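Reading through the structure tokens given below for one structure.
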Amino acid sequence: TGSSLTREYFATGTQSLLMKECKENNKPWMPLVSIPLLSEEQGAPTGYQISFDAMLDEDRPGIFSFSIPGTNSNAGITNLATIEVAQDGIRVNTSLIAPTEPGTWTHFDLQFDLSQTSDRMIRILITTEHGDMWQRNVPAEDYLFDRATNIQIISLGDPNTKVYIDNVVVTSNIGTD
């Protein structure tokens, strides 16, 4: 309940994902959207590149969380990153990175390296449609993060608030033995 495709607003193409918080969603921690990622049969990943566009509604701006859960080297469940977009700013793993402007598209690029020389930092580049840019390195939520299993988008706003998501692209580098 609450997620649908819309042609009202889009960053590119002809539609975007509209997430409208509904009072029927009585479990705010549950994802409205969960995108599974291929893993085991592809080989061990050596890194990830994740990009997407997002916009808070101008009249009814919501809040959403974009997270990358997976496993760590101890085979436990963990999280690489949580990006929260709200009216008071954009946070990655609780670090305030950039301001937001409802009604304006923002592009997110995240890069994470899993090689042996990895510093376990997520490189984040945020660009607005007006050309403003913020770049930062933020530590992974779990230093031992090993493999992403899915992407989750959770709406955290008040009832009837809206956010738009477009152009979600996840690329993993696969190591060769």
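The values are calculated or read from the model by the stated rules, or taken from the named source; none is laboratory data. Nothing here was measured: the structure is a model prediction, and the numbers come from that model. Cβ sites come from the backbone with ideal geometry, for glycine too, and all protein chains shown count toward neighbours. Just the protein is used for accessible areas: all its heavy atoms, side chains included, with ligands, DNA and RNA removed. Shrake-Rupley method; radii C 1.70, N 1.55, O 1.52, S 1.80 Å.
Remarks
- Among the residues making up segment 61-81, none is open to solvent by less than 20 Å² (accessible area, probe 1.4 Å) and modelled with pLDDT of 90 or more.
- Filtered residues of segment 102-127 (kept if part of a strand (DSSP E or B) and aromatic (Phe, Trp, Tyr)): PHE108, PHE112
- Of all residues making up segment 63-77, the number that are assigned to a loop (DSSP other than H, G, I, E, B) and either among the polar types (S, T, N, Q) or on the phi < 0 side of the Ramachandran plot (or both): 4
- Residue pairs meeting the criteria (Cβ under 7 Å; at least 6 apart or on separate chains; first more than 30 Å from GLY103 (Cβ to Cβ), in segment 127-148; second open to solvent by 80 Å² or more (accessible area, probe 1.4 Å)): LEU144/ASN74
- Any hit, segment 116-130, residues being at pLDDT 90 or above, open to solvent by less than 60 Å² (accessible area, probe 1.4 Å) and among the polar types (S, T, N, Q): yes
- Looking across GLN49, GLN111, one residue alone is modelled with pLDDT of 85 or more, surrounded by fewer than 16 Cβ atoms within 10 Å (Cβ to Cβ) and within 17 Å of the chain's Cα centre (by Cα). It is GLN49.
- Filtered by the rule that a residue be aromatic (Phe, Trp, Tyr) and within 19 Å of GLY62 (Cβ to Cβ), segment 76-113 gives TRP105, PHE108.
- The residues in segment 111-133 that are touching a strand residue (DSSP E or B) at 6+ places or on another chain (Cβ under 7 Å) and closer than 18 Å to ASN79 by Cβ can be counted, and the count is 9.
- All of GLU101, GLU84, GLU58 fail the test of being under 15 Å from the mean Cα position of the chain (by Cα) and either open to solvent by 20 Å² or more (accessible area, probe 1.4 Å) or free of Cβ contacts under 8 Å to residues at least 12 places away in the same chain (or both), apart from GLU84.
- Residue within segment 138-147 that is modelled with pLDDT of 90 or more and open to solvent by less than 20 Å² (accessible area, probe 1.4 Å) present: yes
- Among the residues of segment 134-177, those identified as part of a loop (DSSP other than H, G, I, E, B), in contact with a strand residue (DSSP E or B) (Cβ under 7 Å, 6 or more places away or on another chain) and among the hydroxyl-bearing types (Ser, Thr, Tyr) are THR149, THR161.
- The single condition among (1) more than 27 Å from LYS162 (Cα to Cα); (2) assigned to a loop (DSSP other than H, G, I, E, B) that HIS130 does not meet is (1).
- Meets criteria (closer than 23 Å to GLN15 by Cα and open to solvent by 10 Å² or more (accessible area, probe 1.4 Å)) for THR106: yes
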